[in-house]
Amino acid sequence: MKNSLRLFAGLGLVLLGACQTLPPPTGDLADARLRLEAAAAANAETHAPVELQFARDKLAKSEELIAAGDHVAAARLIAEARADADLAQVRARAAQLRAELLERRRSNDALRAELLGRGAP
C-alpha cells in the first residue's frame, strides 16, 4: 500500500514537472490574433459583439498567464479565444448573407411586379 502511494506521488511529481516545462504557446497566440483580426474585418463588432469581446478578453487573459508562466492555462484560454473569434466571424458572415438575401428578395419582388404589370404607371 505504501509503495503504491509512493509510486502515485512520484508519478504526480513527474507530471507536474512536465506541465511546468511546456513552452509558451506563442504560435497558437499568433493564430488567435489572426482569427480575431479576421472576425473584426468581417464586421463582427456590429454583428457578433459579444463573441468578439469574449475572444478579446480571453486573449488578453492568456497573455497575462503566459507572462506569469502558466502555459497550460494560457493554451486552454487561447483555444477558447480562437473558437470565440471563429464564431464571431461566422455570425458576422451569416448576418451579411441574410442582408444580401433580403435585398435580392426585394429586387426579385420588384421585377416580378414589373413583369406582371403591377409596376407600370
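Model label points for Gln96 and Asn43, set 7 angstrom from Cα along the Cα-to-Cβ axis, are 0.7 nm apart. For segment 24-115, a Kirkwood hydrodynamic radius built from all Cα pairs, placed in the Stokes-Einstein relation at 10 °C and 1.306 mPa s, yields a translational diffusion coefficient of 110 µm²/s.
Rule-based calculations on the coordinates, nothing more; no lab input. Just so you know, these numbers come straight off a predicted model, no measurement behind them. Heads up, the Cβs are rebuilt from the backbone with ideal geometry, glycines too, and the neighbour counts pull from every protein chain shown.
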